[in-house]
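Accompanying notes for the structure given below.
We did not get these values from a lab; they are worked out from the coordinates using the rules stated. Values in this document were obtained by computation on a predicted structure and should not be read as measured data. In this analysis, Cβ positions are derived from the backbone assuming ideal geometry, glycine residues included, and neighbour counts consider all displayed protein chains.
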Amino acid sequence: MSATAVPAARRPAIVRLALTELRLFARERARFVARLGLPIVLLVIFGSIPFYTQARRSLHGHSLFQAYVPILIAYSLAIISLTALPMVLADYRDKGVLRRLQTTPAGASRVIGAQLLAYLAVVAVTVVLILAVARIGYGMFLPRQVAGFIVAALLAAGALICVGLLIAAVSPTAQAAQAIGTVLFFPLMFFAGLFFPIPVMPSFLRHLSHATPLGAAVQALQDAWLGHWPHPLQLLTLAAYLVACGLAAARLFRWK
Amino acid sequence: MTAVIDVQHLHKAYKDTVAVDDISFSVAAGEIFGILGPNGAGKTTTVECIEGLRAPDRGTITVLGLDPWRERAELTQRLGAQLQDSRLPDRLRVGEALELYSSFYRTPADWRELMELLGLADKQRTMFGQLSGGQQQRLSIALALVGSPRVAVLDELTTGLDPQARRDTWELIEGVRARGVTIVLVTHFMEEAERLCDRVALIDAGRVVAVDTPAGLAEGLQAGQRIQFRTSVPLDDALLTSLPEVTSVIHRGDVVVVTGNDNALNAVTSALARNQIVARQLRVEQASLEDAFVALTGRHHDNDDRS
């Protein structure tokens with residue numbers, strides 16, 4: 001045996017749980033492609049229509065396409081955290097997968113933590129994919145405030161995943177989890193500016209939007225993209241969602 | 001010998017139904033201890049309290065010197081549990097599940113060896129959803145043993161298995177016990193309890209009705225023997241009911257069924273011989289655990305239900 005690498009058996013249980021989750025996620029091929037592929041398809045469509053790619057004075061000289069990239073990032077965040085995660089976790093509960101884990105030393109915090117890690121990894125891959133397609137395919141510049149962008153993206157992903165974990169915790173069944181996730185998805189995406197960008201919203205909606213996790217996420221990502229450090233209020237909003245939903249999810253978590 | 005599991009006056013109610021009223025028993029090291037009872041008797045609730053999955057309302061439980069509810073984290077290292085209706089993700093492979101679960105424990109068993117032992121070696125790359133019911137059940141047992149526990153609690157071990165798979169599983173459990181693991185077996189199969197268990201606790205309506213060896217439970221019954229035969233000529237019941245050894249005589253078609261104490265056979269055959277009656281197709285049955293079950297719980301047992 002080689003003494004160089006850490007033996008696989010020594011990997012902490014939380015990492016193994018997270019890797020197993022990722023493996024299972026990738027094995028659901030149809031869903032996998034839909035979840036990761038749809039934002040990319042939308043990106044390609046937007047990028048191919050001149051209406052979206054021309055610079056606009058109303059957007060400070062940027063194109064709609066540029067405005068939409070952070071929104072598409074938010075979109076993938078929402079799809080993964082609000083529909084995929086709660087359904088999978090609630091399904092585990094329905095099938096007694098969690099109950100079985102409860103009889104082992106794995107523990108609730110590790111099981112939940114592993115979900116968080118696994119879905120953070122999925123989100124990271126999606127964001128990198130979106131950035132790569134936007135940059136290589138359509139020559140869009142990369143985020144200029146890199147550190148700010150990474151902080152914003154991590155907080156946004158953490159917040160959304162914790163909302164998803166909370167949905168999983170309160171849903172009695174997998175179907176209920178899916179229903180709640182879907183019902184939440186559209187209003188949250190509305191406030192993220194999917195239908196019309198936040199800057200052109202009436203001020204009352206704009207304020208409301210900044211208080212929602214995806215609205216705050218899109219604003220923070222956009223700021224970082226254009227070279228500014230994201231507004232602390234938006235980062236705080238995201239952190240508040242992360243902590244509040246995370247704690248509530250851990251507290252309300254049920255094995256059965 | 002010190003008790004590995006000690007349950008004293010366990011009581012547990014859900015809202016307004018009392019699942020477990022007052023249950024006490026203890027399990028010695030290396031024993032296969034059966035918990036037997038009709039549906040809704042409180043078997044599963046009892047073992048869930050032992051596993052630390054539920055907090056008792058009253059009473060005390062000690063498992064390997066630990067309080068299962070308060071010291072659950074430590075207990076899970078030493079107690080393996082196989083639950084009813086507990087699946088795995090459909091796309092998780094057998095080998096992956098075993099490797100993952102073994103990583104949770106301080107001193108795991110060799111999961112490859114376990115996979116071999118349970119006859120799953122050729123299924124290592126098969127996904128859970130594609131396994132047969134019996135294979136899923138065997139994987140479930142393997143996962144209960146992967147932490148090399150000192151105690152294994154197996155709930156409805158062989159429900160849903162075909163007779164051959166059931167017998168294979170029994171052999172396996174005997175093998176596990178031979179390695180020094182104490183086993184608690186919740187079952188509703190009399191045959192399973194008779195074959196495997198050193199002692200059985202018979203539970204009914206949340207209480208322990210009797211604790212004994214399966215043979216001891218059967219012997220404790222009034223009706224020690226049941227004798228069946230056909231006769232060449234019609235039989236006058238009085239001939240047999242007058243015998244002190246006989247407790248009852250009934251007719252099932254042309255079959256005569258006589259129950260009585262352990263000396264009944266001798267008395268009945270002598271009486272028949274004295275009267276020149278030939279008994280054909282004579283069969284003698286000792287009272288079984290099933291008879292004890294019916295006698296003690298006053299219920300007929302339904303083999304197809306689960307509790």
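Within the shell of other residues whose beta carbon sits under 12 angstrom from the beta carbon of B:H9, the net charge comes to -1, with Lys and Arg scored +1 and Asp and Glu -1. Taking the centroid of alpha carbons for each part, the stretch B:124-155 and the stretch B:229-290 are 49 Å apart. Computed from point charges on the beta carbon alone (+1 for Lys and Arg, -1 for Asp and Glu), the dipole magnitude for the protein assembly as shown about its Cα centre is near 3000 Debye.
Distant-in-sequence amide contacts of B:D212, defined by a placed amide H-H separation under 5 Å and a gap of 5 or more residues or a different chain, comprise B:V200, B:L202. Farthest towards the positive end of the charge dipole of chain B, among the residues B:W111, B:V184, B:S248, is the Cα of B:W111, using unit charges on the Cβ of Lys, Arg, Asp and Glu. Sequentially through the stretch B:22-39, phi angles give Karplus couplings (6.51, -1.76, 1.60; θ = phi - 60°) of 7, 10, 9, 6, 9, 10, 8, 4, x, 7, 9, 10, x, 10, 10, x, x, 4 Hz, Gly and Pro residues having no value and appearing as x.
Taken one residue at a time, the phi angles of the stretch A:152-160 give Karplus couplings (6.51, -1.76, 1.60, θ = phi - 60°) of 4, 5, 5, 5, 4, 4, x, 4, 5 Hz. Gly and Pro are set to x.
As a proxy for reagent exposure, ranking B:D254, B:D212 by other Cβ atoms within 10 Å from fewest up yields B:D254, B:D212.
Where only DSSP H runs of four or more residues are counted, the protein assembly as shown gives -15500 deg cm²/dmol as its mean residue ellipticity at 222 nm, each run worth -39500 (n - 2.57). Ordering B:I173, B:I203 by the number of other Cβ atoms within 10 Å of each residue's own Cβ, fewest first, gives B:I173, B:I203.
Taking chain A as a Gaussian network of alpha-carbon nodes connected by springs under 10 Å, the highest mean-square fluctuation of the residues A:A18, A:A34, A:A78 belongs to A:A34. Near B:T76: Cβ cut-off under 15 Å, other residues only, Lys/Arg at +1 and Asp/Glu at -1. The net charge is +4.
Put in order of Cβ neighbour count within 10 Å, fewest first, the listed residues A:E28, B:E156 become A:E28, B:E156. Excluding residues on the same chain fewer than 8 positions from A:K95, give the lysines whose Cα lies under 20 Å from its Cα. Here the lysines satisfying the reach criterion relative to A:K95 are A:K256. Phi angles of the stretch B:178-184 translate, via the Karplus equation with coefficients 6.51, -1.76, 1.60 and θ = phi - 60°, into HN-Hα couplings of 4, 8, x, 8, 7, 10, 10 Hz per residue; Gly and Pro are given as x.
Normalising the average separation of contacting C-alpha pairs (under 8 angstrom, six or more residues apart) by the number of residues puts the relative contact order of the stretch B:154-306 at 23 percent. Each of B:L66, B:A28, B:A215 was scored by the projection of its Cα onto the charge dipole of the stretch B:3-219, and the greatest displacement toward the positive side belongs to B:L66; charges sit on the C-beta of Lys, Arg, Asp and Glu.
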